[in-house]
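The values are calculated or read from the model by the stated rules, or taken from the named source; none is laboratory data. In this text, all values refer to a predicted model and were calculated from it rather than measured experimentally. For neighbour counting, all protein chains shown are included, and Cβ atoms are generated from backbone atoms with ideal geometry for every residue, glycine included.
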Amino acid sequence: MKIETVFNHYKKIEEILRCPICKEIINIVHPASATCINGHCFDCASFNYVNFIPNQKPTNYTKELFESRRIVLENNYYQPLLNELLRIIESYKKDEFTLLDVGCGEGYYSRAIHAQFDATIIGFDNAKEAIKLAGKSDNSIYWFMADLTNIPLKPKSIDFICDVLTPSNYQEFERLLSDDGICMKVIPGEQYLKELKKMVGLSTDGYTIDAVTDYFKTKMDLIDVKNIKYTKEVNDDDKIHFAKMTPLMLNREITELEVKELKECTFDFMILVGRIKEK
Ligand SMILES: C[S@@+](CC[C@H](N)C(=O)[O-])C[C@H]1O[C@@H](n2cnc3c(N)ncnc32)[C@H](O)[C@@H]1O
Ligand SMILES: [Zn+2]
């Protein structure tokens, strides 16, 4: 992507950016960097993302994991979950809105939401390999390398937070959400990918989502809960990507024979929908 195009793109959201180091305002300056009034400078890469954590070390999430994740996502295995997220946005949205995709990975949900709504979409992740893939995939979304404990945005700048299978930082979410803002948090249910877990000997016994839900309720006003559960047949070509796309599989050896055994996969999610607590 041309550096001039990158400059013009991020210039459009300059007014909601905030320096993650000194919390002061940020300007997008030529040729293409985000620079605060105290001189902290963050590069806007030609891959189309702003790197707010330039010294970030590689995380557990590898390029291979995100590439496999993209194949599985783009082959529609998560479509019912996406459809429910789109329905929630539709029912709470205003004419114009800004949505933040927390831990966006390679960017599937950001792209799909942008395809449906004429909105400002910002996706960020702390894994460079994820954001590089995301940045190359779509020029109309704003992508950041950033950490969810220190999000480089001004208070009340976001109308929707979308957190899919990613940790949360409710202090940051509360700071960023506008007064009527909505937080959608997707958590895995007890049966999520149970066939894959069985394959590598991970037990699903004893796992409960109550603790996550209870914690959410201490931080947000819970206004809706959606449960989504379905099973999909896994195409032969996708089997290997299922085995590689999840951190559950990190450091676990799976044989080709085991991968072939994966006939279907169970998807089981809970979406918690919340607003900032009334004070
Ligand atoms: C299970 S993946 C989900 C990715 C994406 N939402 C999806 O559903 O495909 C969790 C993501 O959270 C990101 N992540 C974990 N800790 C993070 C942090 N502290 N700040 C930003 N992103 C983080 C990981 O890099 C990874 O992309
Ligand atoms: Zn600064």
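List, please: which pairs have Cβ atoms under 6 Å, are six or more places apart or on different chains, and start with a residue in the range 164-184 that is free of Cβ contacts under 8 Å to residues at least 60 places away in the same chain and assigned by TED's automatic domain parsing to the domain that holds SER110 and end with one that is assigned to a helix (DSSP H, G or I) and away from ligand 1 (no atom under 13 Å from the Cβ)?
So the pair list comes out as TYR170/LYS219.
Conditions tested, residue by residue: (1) aromatic (Phe, Trp, Tyr); (2) touching a Lys or Arg at 6+ places or on another chain (Cβ under 7 Å); (3) modelled with pLDDT of 90 or more.
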position	(1), (2), (3)
PHE216	yes, yes, yes
LYS219	no, no, yes
ILE223	no, yes, yes
THR231	no, no, yes
ASP238	no, no, yes
PHE242	yes, no, yes
MET249	no, no, no
GLU258	no, no, no
GLU264	no, yes, yes
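Restricting to the range 181-214, name every residue that is out of contact with any helix residue (DSSP H, G or I) (no Cβ under 8 Å at 6 or more places or on another chain) and within 30 Å of THR98 (Cβ to Cβ).
If the condition is that a residue be out of contact with any helix residue (DSSP H, G or I) (no Cβ under 8 Å at 6 or more places or on another chain) and within 30 Å of THR98 (Cβ to Cβ), then GLY181, PRO188, GLY189, TYR192, ILE209, VAL212, THR213, ASP214 are the ones that fit.
Restricting the first residue to the range 218-234 and requiring it to be within 18 Å of GLN79 (Cα to Cα), which pairs with a second residue that is of a type in the set (Ser, Thr, Tyr) and in a strand (DSSP E or B) meet a Cβ separation below 8 Å and a spacing of at least six or different chains?
Every condition considered, the pairs that remain are LYS229/THR266; TYR230/THR266; THR231/THR266.
Of everything in the range 241-258 that's touching a residue at least 24 places away in the same chain (Cβ under 8 Å) and over 23 Å from the mean Cα position of the chain (by Cα), which residue is surrounded by the fewest Cβ atoms within 10 Å (Cβ to Cβ)?
ARG252
Given the criteria under 30 Å from ASP236 (Cβ atoms), assigned by TED's automatic domain parsing to the domain that holds LEU165 and free of Cβ contacts under 8 Å to residues at least 60 places away in the same chain, does GLU96 qualify?
So GLU96 does not fit the description; no.
Considering only the range 109-136, how many residues are in contact with a Phe, Trp or Tyr (Cβ under 6 Å, 6 or more places away or on another chain), within 10 Å of ligand 1 (Cβ to nearest atom) and not in a helix (DSSP H, G or I)?
Residues meeting the conditions: 3.
Pick from the range 89-108 the residues that are in a loop (DSSP other than H, G, I, E, B) and more than 9 Å from ligand 1 (Cβ to nearest atom): which of them is surrounded by the most Cβ atoms within 10 Å (Cβ to Cβ)?
Here the answer is PHE97.
How many residues, within the range 45-58, are away from ligand 2 (no atom under 16 Å from the Cβ) and either among the aromatic types (Phe, Trp, Tyr) or touching a strand residue (DSSP E or B) at 6+ places or on another chain (Cβ under 9 Å) (or both)?
5
Spot the failing condition for PHE124; the list is (1) touching a Cys at 6+ places or on another chain (Cβ under 7 Å); (2) within 16 Å of ligand 2 (Cβ to nearest atom), and only one is missed.
With respect to (1) touching a Cys at 6+ places or on another chain (Cβ under 7 Å); (2) within 16 Å of ligand 2 (Cβ to nearest atom), PHE124 is out only on (2).
For the range 16-36, which residues satisfy the criterion of being surrounded by fewer than 15 Cβ atoms within 10 Å (Cβ to Cβ), more than 23 Å from THR149 (Cβ to Cβ) and either touching a residue at least 12 places away in the same chain (Cβ under 8 Å) or more than 16 Å from ligand 2 (Cβ to nearest atom) (or both)?
Answer for the range 16-36, where residues must be surrounded by fewer than 15 Cβ atoms within 10 Å (Cβ to Cβ), more than 23 Å from THR149 (Cβ to Cβ) and either touching a residue at least 12 places away in the same chain (Cβ under 8 Å) or more than 16 Å from ligand 2 (Cβ to nearest atom) (or both): ASN27, HIS30, PRO31.
Please give the strands (runs of 3 or more DSSP E) falling wholly within the range 24-88 in which 2 or more residues are closer than 24 Å to ASP163 by Cα.
Those strands (runs of 3 or more DSSP E) span 49-51.
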